[in-house]
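For reference, the structure is listed below as structure tokens.
The values are calculated or read from the model by the stated rules, or taken from the named source; none is laboratory data. Computed from a predicted model, the values in this text were never measured in an experiment. Cβ coordinates were reconstructed from backbone atoms using ideal geometry, including for glycine residues, and neighbour counts include every protein chain displayed.
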Amino acid sequence: MLIHCKRAYEPAMADDGQRFLVDRLWPRGVSHERLQAQWLKEVAPSNELRQWFDHRAERWDEFRQRYWRELAAQPRSLAPLRDALAAGPVTLVYGARDTGHNQAVALRDYLLAHPRRAA
């Protein structure tokens, strides 16, 4: 599985594969045409978790644990990502400034730790 994480403000590239916006809110100042991504709002952290985290690095470990629990509780919402990963590379697009502590990184880690089970 090849999963990239990229800020919404970076240009789309040919090697991105399928692109998915994984934010609850649309990134400010970015058009749909420029982003070139399918919006998967339902896989983003809940509003409560997003507001609690507030992109504070000292809350990263706890945020990741809480977010993983949210993801585990809604496995169907991950189906588009898992389907896309079966076909090739995927880019998780996010709006946060912090490139190391954001929901796309946590989601990538979750997908890598919990691959789709064989049917």
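Quick grid of which residues meet (1) more than 17 Å from His4 (Cβ to Cβ); (2) assigned to a helix (DSSP H, G or I):
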site	(1), (2)
Glu58	yes, yes
Arg66	yes, yes
Arg69	yes, yes
Arg82	no, yes
Ala86	no, yes
Val93	no, no
Ala96	no, no
Thr99	no, no
Asp109	no, yes
Every residue from region 27-37 that is loosely packed, with under 15 Cβ neighbours inside 10 Å and either part of a helix (DSSP H, G or I) or at pLDDT 95 or above (or both): His32, Glu33, Arg34
Could you check, for region 71-80, whether at least one of its residues is buried (at least 17 other Cβ atoms within 10 Å of the Cβ) and within 13 Å of the chain's Cα centre (by Cα)? yes
Name every residue in region 43-52 that is surrounded by fewer than 16 Cβ atoms within 10 Å (Cβ to Cβ) and either among the polar types (S, T, N, Q) or in contact (Cβ under 8 Å) with a residue 40 or more places away in the chain (or both), in order of residue number. Ser46, Asn47, Gln51
Residue pairs qualifying under the 6 Å Cβ cut-off, at least six apart or on distinct chains, with the first in region 75-102 being touching a residue at least 40 places away in the same chain (Cβ under 8 Å) and the second being of a type in the set (A, V, I, L, M) and part of a helix (DSSP H, G or I), are Val90/Ala84; Leu92/Ala104; Leu92/Leu107; Tyr94/Ala104; His101/Ala57
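Residue by residue, here is whether (1) exposed (fewer than 11 other Cβ atoms within 10 Å of the Cβ); (2) under 18 Å from Thr99 (Cα atoms) holds:
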position	(1), (2)
Asp16	no, yes
Leu25	no, yes
Lys41	no, no
Arg69	yes, no
Tally the residues that are modelled with pLDDT of 95 or more and closer than 15 Å to His101 by Cβ, restricting the search to region 45-67. 14
Tabulated pairs, region 1-23, first among the polar types (S, T, N, Q), second loosely packed, with under 15 Cβ neighbours inside 10 Å, C-beta under 8 angstrom, 6+ apart or interchain: Gln18/Gln38; Gln18/Ala87; Gln18/Gly88
